[in-house]
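What follows is a single structure, written as structure tokens, with notes after it.
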Amino acid sequence: MGKSAYIHTFGCQMNVHDSEIMTGILEEQGYSRTDSPSNADLVIFNTCSIRQKAEQKFYSELGRMKSLKKQRPWMKIAVAGCIAQQEGKNILKRAPHVDFVFGTQNIHTLKNIASACFERVAVHVNPDLATTELPVKRNDGIRAWTTIMYGCDNFCSYCVVPHTRGRERSRPSDDIYAEVSELAGKGYKEITLLGQNVNSYISDTDFPGLLRKLDRIGGITRIRFVTSHPKDLSDDLIRAMSDLASVCNHIHLPLQSGSDAVLKRMNRRYSFSDYMKKISRLRKQIPEIAITTDIIAGFPGETDEDHQLTVSALQQIEYDGIFAFKYSPRPFTKAAEMDGHVQDLLKADRLNEILMLQDGITFKKNKALVGTVQEILIEGESETNSEKLTGRTGSNKIVTLPKACSRKGAIIHVEIIKSRRHSLEGTPVNT
Ligand code: SAM
Ligand code: SF4
């Protein structure tokens, strides 16, 4: 009988995709994936350290593994991802029931899991990361994620990513082209290109060049990408988004704060007015574009006036959606050492004000879509209602519709008949 592996993934889409790579490597080593740690021979925690909360969640899950390991002493426990990279061998001291630690640049070492040379702690810098070909076992048959670049060189003062994922490295465009062509051949319809700052992708071509190259692949109807750093959003990228049929009319463009003083301390390297100019250009050239963002509430030294500037930025821009977070001090970061940390209750109040305001804006934007016809890609059965299917518009809005209307993977036109706070309801139309 083959062995089985359970992988618990925390955090962002990049981690979800890294777990797909771990699954691919483990399958080659004779492992099958299981849904429960209680019947696994190998448990991997693929961790996230972007905020303290994510870290605490992982450590409490890891603590629970202690008793399971007593019942199943042959079971191996591995810690991977950003906390592994950040803490290295300290994890073994803190949790002696852990067998292995491997970081974000050392996933390939799983190939040696059955051999005597498998390292107990592998958190080395890996300069070949961008050119290493690794097997991937994807979860979804319709939408696929692919990493186009690793690491980040921006050192935003609050962010642990440059420390956990290392320096920026782009994959050769031919490798990405070959991977996406293969996915098209397997029937995938939508590709999301992943990188911490895709706008600074550079190989034999830049990011707009990569989009133009991938747009030529038949069968892929939708190309998405995350994340764009506002300072590197070029006119050429806006042109490519507007010209290329497969590139979706959605951009996630993290603002973080509406205050220039805070943006400066965050080391974001744009002012609010620079950002607004890019928003105007995007909306002028792609009138249908949906724009979403990330906001941090309560950055060190943030005054009530700074916070109000963020509130007024949200009112002015009217994003289609936002992710907002309370500032969380992270190891190795400059912001953690700054003066003027904001009290947690005040951070929570500011976050709440931001979320309430955006809720109203999202609802208003969704309401405006009622009566319009939208093209959606059906993603499968709704998670909350088994009688319904869910799909997504190119602008990344979720639409539900009755199950009998279509099937997973179909691209259909629907009329929006109802809007909710965070989703829409549609009915198919013949076009
Ligand atoms: N590379 C992307 C970018 O530049 O926007 C995404 C980075 S991160 C995975 C996603 C979001 O987490 C950031 O945009 C930021 O809003 C938030 N974030 C990062 N560090 C944080 C911290 N220390 N506290 C609170 N939020 C944080
Ligand atoms: Fe973190 Fe800034 Fe890099 Fe995004 S661009 S990963 S926020 S350092």
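Computed from the coordinates by the stated procedures, all read-outs in this text should not be read as laboratory data. From a predicted model like this one, the values you see are computed outputs, not experimental measurements. All Cβ positions, glycine included, derive from the backbone under ideal geometry; neighbour counts span all protein chains shown.
Brief remarks on what is shown
- Sorted by Cβ density within 10 Å, fewest first, the residues Ser259, Ser157: Ser157, Ser259
- Computed FRET value (nearest 0.05) for Asp41 with Phe155, which takes r as the C-beta separation and R₀ as 41 Å: 0.55
- Positive-end ranking of Pro331, Gly409, Leu351 along the dipole of the stretch 281-419, with charges on Cβ about the Cα centre, is headed by Gly409.
- Entries of Lys111/Lys326; Lys57/Lys93; Lys137/Lys189 with Cα pairs more than 28 Å apart: Lys111/Lys326
- Under the shape rule built on the C-alpha gyration tensor, where the axes satisfy a ≥ b ≥ c, the stretch 116-238 is oblate, since a/c reaches at least 1.5 while a/b does not exceed b/c.
- Put in line by how crowded their Cβ is, counting other Cβ atoms within 10 Å and starting with the fewest, Phe118, Phe272, Phe299 read Phe118, Phe272, Phe299.
- For the stretch 1-88, the Cα-based Rg and Dmax, in that order, read 12.8, 40 Å.
- Point-charge dipole on Cβ atoms (K/R +1, D/E -1) for the stretch 349-428, about Cα centre, debye to 20: 120 debye
- Annotation for the stretch 41-100 versus the stretch 200-237: alpha-carbon center distance of 36 Å.
- Among beta bridges that DSSP assigns inside the chain, antiparallel share in %, nearest 5: 35 percent
- Karplus-derived 3J(HN,Hα) values for the stretch 127-138, using 6.51 cos²θ - 1.76 cosθ + 1.60 with θ = phi - 60°, are x, 8, 3, 6, 10, 6, 8, 10, x, 10, 10, 7 Hz; glycine and proline are entered as x.
- Applying a 4.7 Å cutoff between beta carbons, the unpaired cysteines of the chain are Cys12, Cys48, Cys82, Cys117, Cys152, Cys248, Cys405.
- Here Lys284 is the anchor, and the aspartates and glutamates within straight C-alpha reach of less than 13 Å, apart from those fewer than 8 places off in the same chain, are Asp235.
- Over the chain: helical MRE at 222 nm, DSSP H runs n ≥ 4 each giving -39500 (n - 2.57), nearest 500: -10000 deg cm²/dmol
- Working from Cα pairs under 8 Å separated by at least six residues, relative contact order for the chain is 10 percent.
- Residue among Pro254, Pro208, Gly2 farthest towards the positive dipole end of the chain, charges placed on Cβ: Gly2
- Dipole size of the chain about its Cα centre, with +1 on Lys/Arg Cβ and -1 on Asp/Glu Cβ: approximately 760 debye, rounded to the nearest 20.
- For the options Ala324, Ala114, Ala54, a Gaussian network treatment of the chain with springs between C-alpha atoms closer than 10 Å singles out Ala114 as fluctuating the most.
- What separates the Cα centres of the stretch 282-361 and the stretch 369-430 is a distance of 30 Å.
- A Förster radius of 30 Å combined with the Cβ-Cβ distance from Arg167 to Ala114 puts the calculated FRET efficiency at roughly 0.45.
- Ignoring lysines fewer than eight residues from Lys278 along the same chain, the ones with Cα atoms less than 25 angstrom from its Cα are Lys213, Lys231, Lys264, Lys364, Lys365, Lys397.
- A simple charge model with +1 on the Cβ of Lys and Arg, -1 on the Cβ of Asp and Glu and nothing else charged puts the dipole of the stretch 208-366 at about 780 debye relative to its Cα centre.
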